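Every read-out reported here was derived from the displayed coordinates using simple, explicitly stated rules and does not represent laboratory data. Computed from a predicted model, the values in this text were never measured in an experiment. Positions of Cβ are backbone-derived with ideal geometry, glycine not excepted, and every protein chain shown enters the neighbour counts.
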Amino acid sequence: MIRLLKNLVFLCFIFFVGYIFGVKEVRFVEIISSSMEPTLMPGDRVVVVKKDVLKRYDIVLIEAPQGKKEPLTKRIVGLPCEKIEIKDGSVFIDGRKIKEPYLEEERPSYSLEVEIPEDHYFLLGDNRNRSEDSSVWGPVDASLIKARVVCRYWPLKRISLLRTPVFLKR
């Protein structure tokens, strides 16, 4: 009986692992750039899952739209069919200023205005003045967004879930 129970638990574990790695497409990624500081630092390791519904403020793993096809992490700031404006160090979506408490004191030193096409997202790094992102490339096609970052697991002293804070949800 105990042997049967052990086999049943093992079988459930195998199905669970298969679900996680098959359906959710869980992967482990090392952060290679400083564009998401202070949220994510070079050398941090994160867990990413298959993108499903993407929301504003989600941190995503993308394939670089220009240059090397390396994986980059950025934050979704603008959604399809919105108008983004960056001026005086703040981001405005359809004329309304958005909250960005994850940014350090240094705000963007550039200005821009752009309409986001369907199936595109406007992605920015949290380290705005040192990030190559949609302020350089323009809106990013949804096909280049490969996964959503769900948690940081390394270094252990900074382990955390990376979810959108409740006060930022629209």
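Structure notes:
- With a threshold of 24 Å on the Cα-Cα distance, the over-threshold entries among Lys51/Lys157; Lys99/Lys157; Lys51/Lys74; Lys50/Lys97; Lys74/Lys99; Lys68/Lys146 are Lys51/Lys157; Lys99/Lys157; Lys50/Lys97.
- Sites matching trypsin sites (Lys or Arg not before Pro) across segment 28-110 that sit in DSSP coil, with at most 16 neighbouring C-beta atoms within 10 Å: Lys51, Lys55, Lys68, Lys69, Lys99
- Charge sum, other residues only, whose C-beta stays under 10 Å from Ile31's C-beta, Lys/Arg counted +1 and Asp/Glu -1: -1
- Three semi-axes of the equivalent ellipsoid, segment 63-102, Cα gyration tensor, whole Å, largest first: 24, 12, 10
- Taking other residues whose beta carbon is less than 14 angstrom from the beta carbon of Pro155, and scoring Lys, Arg as +1 and Asp, Glu as -1, yields +2.
- Translational diffusion of segment 47-170 was estimated from the Stokes-Einstein equation, with Rh taken as the Kirkwood radius over Cα pairs; at 25 °C and 0.890 mPa s the coefficient is 164 µm²/s.
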